[in-house]
1. For region 96-105, indicate whether the set of residues that are closer than 27 Å to residue 227 by Cβ and either hydrophobic (A, V, I, L, M, F, W, C) or over 19 Å from the mean Cα position of the chain (by Cα) (or both) is non-empty.
2. With 92, 10 as the choices, which residue is touching a residue at least 24 places away in the same chain (Cβ under 8 Å) and within 16 Å of the ligand (Cβ to nearest atom)?
3. Please state which one of 254, 264 is free of Cβ contacts under 8 Å to residues at least 40 places away in the same chain and either under 30 Å from residue 52 (Cβ atoms) or in contact with a Ser or Thr (Cβ under 7 Å, 6 or more places away or on another chain) (or both).
4. Just checking, which of 62, 66, 50 is touching a strand residue (DSSP E or B) at 6+ places or on another chain (Cβ under 9 Å), touching a residue at least 12 places away in the same chain (Cβ under 8 Å) and surrounded by fewer than 15 Cβ atoms within 10 Å (Cβ to Cβ)?
5. Could you please find all residues in region 152-183 being among the charged types (D, E, K, R) and surrounded by fewer than 14 Cβ atoms within 10 Å (Cβ to Cβ)?
6. Within region 62-86, how many residues turn out to be among the β-branched types (Val, Ile, Thr) and either within 15 Å of residue 212 (Cα to Cα) or part of a strand (DSSP E or B) (or both)?
7. Checking the conditions here, which among 192, 247 is touching a Gly at 6+ places or on another chain (Cβ under 6 Å), in contact (Cβ under 8 Å) with a residue 12 or more places away in the chain and under 30 Å from residue 6 (Cα atoms)?
8. Out of the residues in region 152-176 that are among the acidic types (Asp, Glu) and out of contact with any Cys (no Cβ under 8 Å at 6 or more places or on another chain), which is farthest from the ligand (Cβ to nearest atom)?
Amino acid sequence: MVKIHNFGAGPAKLPEEVYDIIREELTNFEGSGISLLETSHRTQTYLRLNTEVQDVVRRLLNVPSNYKILFLAGGGQGQFAAVPMNLISRTGTADYVVTGAWSEKAAKEAKKYGKVNLVVPPTDRYVGVPDQSTWNLDPNASYVHICTNETVHGVEFDFIPDTKGVPLVADMSSNFMSKKVDVSKFGVIYGGAQKNIGTSGVALVIVREDLLNHALPICPSILDWTVTAKNDSILNTPPMFAIYIMGRVLQWIERQGGLDKMAELATKKASLVYNLIEQSNGFYYAPVAKNSRSKMNIPFRIGAEGNEALEKEFLKGAEARGLIQLKGHRMVGGIRASTYNAVTVEEVQALVEYMKEFQEKHSK
Ligand code: PMP
């Protein structure tokens, strides 16, 4: 069997070393004689793990002491509802910067709970982050929501917006822990774990303490950050295994050299692909503006308009070589290479080699 290189957008590749650890620990967790899968969430064993995972998040991102680190079930989209339910009551209105499919979904969800102001004009072609000088921010907003990396469209913020004191809330689902972030510039950072930091089902939420205690009365307790914080993320049975995997992935990141190392590798991997696209004389085409190109999800087409027949052939040939899950999201078509932390430079080199060969064969 050919060696598989997984470029999927999520659930995405986990580091091989983490699988070794999971295998080792699966049926006898930390000498308890049983699996974590059958351990009560009220045991000292789980309490220790709960603290251990919070601690590694705090170390990696240098999270200041006035921020809570929470684990919630319901993944990224659970937080699309939790964000307005926990924050919008402050003024009844919220600002959303829509730069792709996921922030669009977040804004749509928020409309159920209050007034949503769209900060940049709606579009159906997401190819960059509009310059902040053009944004229509509402000084009365309860918060400003951004998605720092749009997984479908491959649009990534290369700056932290200045929201003039209005709390900034960021969905980092697909670039969490890919680089250092100044947490103090944000009111809330959240994300589903299944791309860069683990597996699906759990969301990691980092929230500034002064933003707690504003949940709408209708907010379910399991999405209420204040209730979750009071219960140290063990209000009900948490997605324990997903939290455990997150911890092991984050400890792996630490052993690799932390977020500076992840950022260095992310730049290297993304540059390999984007440079090849730029040097392909238009054979490959990346639609996103250069300053907003994602280092995690690289969508591209064959030809500016997208030659679907050739793209199909590209994907088939890629699979035959073990380069899998490269199909673009159904919303945008084309090809998308996700180069998360666990994807190695060598794997990206294998992809780039294939891209070169494919071009040579088809550009005559
Ligand atoms: N935000 C972003 C940026 C995402 O990429 C995704 C999932 N692809 C989500 C939110 C939703 O995450 P979940 O599927 O865990 O609800």
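1. Taking region 96-105 and keeping what is closer than 27 Å to residue 227 by Cβ, we get 96, 102-103, 105.
Now restrict to residues that are either hydrophobic (A, V, I, L, M, F, W, C) or over 19 Å from the mean Cα position of the chain (by Cα) (or both): 102.
Yes, region 96-105 has at least one match.
2. Working: 92 fails: within 16 Å of the ligand (Cβ to nearest atom).
Answer to the selection: 10.
3. Values: 254 fails: free of Cβ contacts under 8 Å to residues at least 40 places away in the same chain.
After applying the criteria, what remains is 264.
4. 66
5. Step one: filter region 152-183 for residues among the charged types (D, E, K, R), giving 156, 158, 162, 164, 171, 179-180, 182.
Scanning region 152-183 gives 158, 162, 164, 182.
6. Filtering region 62-86 down to residues among the β-branched types (Val, Ile, Thr) leaves 63, 69, 83.
Right, trim to either within 15 Å of residue 212 (Cα to Cα) or part of a strand (DSSP E or B) (or both) and you get 69, 83.
Adding up the residues that qualify gives 2.
7. Every option except 192 fails the conditions.
8. Top of the filtered list is 162.
The values are calculated or read from the model by the stated rules, or taken from the named source; none is laboratory data. Values in this document were obtained by computation on a predicted structure and should not be read as measured data. Please note: Cβ atoms are built from the backbone with ideal geometry, for glycine as well, and neighbour counts cover all protein chains shown.
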